[in-house]
Amino acid sequence: MKSLVVEDDYTSRLLLQTILARYGECDVADGGKEAVHAFFTARASGHAYDLICLDIMMPIVDGHAVLRCIRDDEAERGVLTHDAVKVIMTTALDDIETVFASFHGLCDAYLVKPTDTAKLIAHLRAFGLIGESEAAARAK
């Protein structure tokens, strides 16, 4: 599994990177512009991301704008939903408007910080990015 953590807070970024690195390559971006660049660079190199954990509240380019850019690119290329990169919004925002806007923007899951490792791993399993035995073995 190849993943990208997009988070402007160092501690949150490090936590997600530590969890996801157990399951494969994990890159980080500390803002939206860097995230968009990483997405297109990985895709162009033939090593696209399987998962993006995306914060919403970031300066300059926020998570919703990044998600829109990703989904617009996939739509232009005719990528079907089941083949699209899985995007988990990871944010401190838990109001219904923000949650709705995220799913309307076609995120795949929504996790409120502080990140619950078990919920994150459950999403990875549900997406088929990791197997049950892999989750159990690496959670130790």
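The values are calculated or read from the model by the stated rules, or taken from the named source; none is laboratory data. Treat the numbers as computed from the prediction; the structure is a model and nothing was measured. Every residue, glycine among them, receives a Cβ derived from its backbone with ideal geometry; neighbour counts consider all protein chains shown. What goes into the accessible areas is simple: the full protein's heavy atoms, side chains included, and nothing from ligands, DNA or RNA. Shrake-Rupley method; radii C 1.70, N 1.55, O 1.52, S 1.80 Å.
Where the accessible area of the range 26-140 is counted over protein heavy atoms with a 1.4 Å probe, how much of it, in %, is carbon and sulfur?
On the way: 3520 of 6150 Å².
In the range 26-140, the share of accessible area belonging to carbon and sulfur is 57 percent.
Which whole-number percent is the relative contact order of the range 9-96 (Cα, under 8 Å, 6+ apart)? That works out to 28 percent.
Derived scalar couplings between HN and Hα for the range 42-51 equal 5, 4, 5, 7, x, 10, 5, 6, 8, 9 Hz in order, rounded to whole Hz, by the Karplus curve 6.51 cos²θ - 1.76 cosθ + 1.60 (θ = phi - 60°), x for Gly and Pro. Accessible area of residue 99 (1.4 Å probe, protein heavy atoms only, ligands and nucleic acids ignored): about 40 Å².
Amide H to amide H distances under 5 Å link residue 86 with 51, 52, where only residues 5 or more positions off or on other chains count and H is placed in the peptide plane.
About the Cα centre, and with charges only on the beta carbon of Lys, Arg (+1) and Asp, Glu (-1), how big is the dipole of the chain? Nearest 20 debye, please.
It works out to roughly 440 debye.
To the nearest 10, the accessible area of residue 123 is 50 Å² with a 1.4 Å probe. Dipole orientation for the chain: of the candidates 129, 54, 42, 129 has the Cα lying most toward the positive pole (charges on Cβ; Lys, Arg +1; Asp, Glu -1).
Can you give the net charge of the other residues whose Cβ lies under 13 Å from the Cβ of residue 64, counting K and R as +1 and D and E as -1? Working shown, then result.
On the way: positive: 68, 71; negative: 55, 62, 72, 97.
Net charge around residue 64: -2.
Computed over protein heavy atoms with a 1.4 Å probe, the accessible surface of the chain works out to 52 Å² per residue. Close amide H contacts of residue 110 (hydrogens built in the peptide plane, cut-off under 5 Å, sequence separation of 5 or more or a different chain): 89.
Computed FRET efficiency, Cβ-Cβ of residue 68 and residue 118, R0 25 Å: what is it to the nearest 0.05?
Values: r = 29 Å, r/R0 = 1.18.
Working from the Cβ atoms, E equals 0.25.
Taken over the range 39-127, the alpha-carbon convex hull comes to 104 cubic angstrom per residue.
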